[in-house]
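K.L.:
One structure, pasted below without further comment.
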C-alpha cells in the first residue's frame, strides 16, 4: 500500500521522507519509553484536553477527511513481535517496512491531532504535521531497547504539531523564545484557573498571582500576556459564511487620513472668506497675521522673531495682531461665520 494514498486531505502533497528534513529542525531526542516529554518540552504549549468533533472541515474537505479516517482504520495494529520485526527492518533501510510502520500508526497521529483542534490550525494540517513527526520517529526509533513505538513516537508527533502551531496559527509570528516564555505564563495561568474553578469562588486569576507563581515581575508577565491576544485580519469577512466580495472588517474601519468631503468644502469656503477679510486689512496687519499664524503656507513666527524682522517692539506686534483679529472677526461674522471658530 502506498503511503501517498494516506496523506491527509487538504493540500494534495505527498508526505516527504523524514531523512529529507533540514538538519537541526527537530528537538533533542527523548529517552526511549519515557512516558513524559523531557524537560525541554515543558516550554511547549499543552494541548487542549477536550476532544472536539473530528470533522473539522465542511463540504468536500470534511467528506474527504472522513474518507481518510475510514481508510486508515482498515490497517490493523502491530503486535509487539510484529512491531519489533518491522521496526528493525525499517531501521536497516527497508522501504516497504518503513511504509508499513507509517500506515499502521496513522491512527496514532489522528488521536493526538484531535486534542489540538482549538489551537488555530484545521484538522487536515494537524494530521499532516503529525505525520511528519511520525516519519521522523520511525527513523530514530531503536526497537532493541524494548519499548513500544507508540510511546516513543507520540513525543515526536506532538513536537511537530506544536511547532506548526507556533509558526502557522498566528497572523503575527512571534520569536521562538517569546513563544516559550508565553507558554510558561499560559501554563501557570491555566493551573491557577483550575485551582480557582475547584474552589468554586468564581474569581478571575490576576496577573500578580501568575507572576508570583512564576517568580517573575508583574510587568514582564503583563507584556507576555499581551502576545496571547489573537489579532484579527482586516480582510476577514464580517459574516462567517460569507463568500467572495463580502464586507470585511477593513471596510468598517475609518481612514483617519481620508478627507471628509463636507469638511473639505466648508474649509475651502472659510479660506475664501478669510482671504476677502484679509483684503480689508492694511499691509502691516496682513503681514503680522500671516507671520503669527503661518498663513499662505508659511512657518508661524514668534513675537520676538516677527518684531525683529519688522523693526517693531514685541508689544507693538501684539497690539497690531489684536487689532487685525478684531477687524477680521467682525468681517467674518457679517458673512455668517462663528467668530469663535476663527483662530
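What follows draws every value from the coordinates through simple rules; no lab data is involved. Computed from a predicted model, the values in this text were never measured in an experiment. Note: ideal-geometry Cβ built from the backbone for every residue, glycine included; neighbour counts use all protein chains shown.
K.L.:
Taking the beta-carbon count within 10 Å as an exposure proxy, list 218, 288 from fewest neighbours to most. List each step's numbers first, then the result.
P.N.:
On the way: 218 14, 288 28.
So the residues, fewest neighbours to most, are 218, 288.
K.L.:
Using Cβ contacts closer than 10 Å as the measure, can you line up 207, 109, 176 from fewest to most?
P.N.:
Details: 207 15, 109 27, 176 12.
Listing 207, 109, 176 from fewest to most nearby Cβ atoms yields 176, 207, 109.
K.L.:
While we're on this one: Over the stretch 173-230, one equal point on each Cα, no solvent: what is log10 I(q)/I(0) by the Debye formula at q = 0.13, 0.23, 0.25, 0.27 Å⁻¹?
P.N.:
Reported log10 I(q)/I(0), two decimals: -0.33, -0.89, -1.01, -1.11.
K.L.:
Tell me, 293, 152 in order of fewest to most beta-carbon neighbours within 10 Å?
P.N.:
Numbers: 293 14, 152 23.
Final ranking by Cβ density, sparse to dense: 293, 152.
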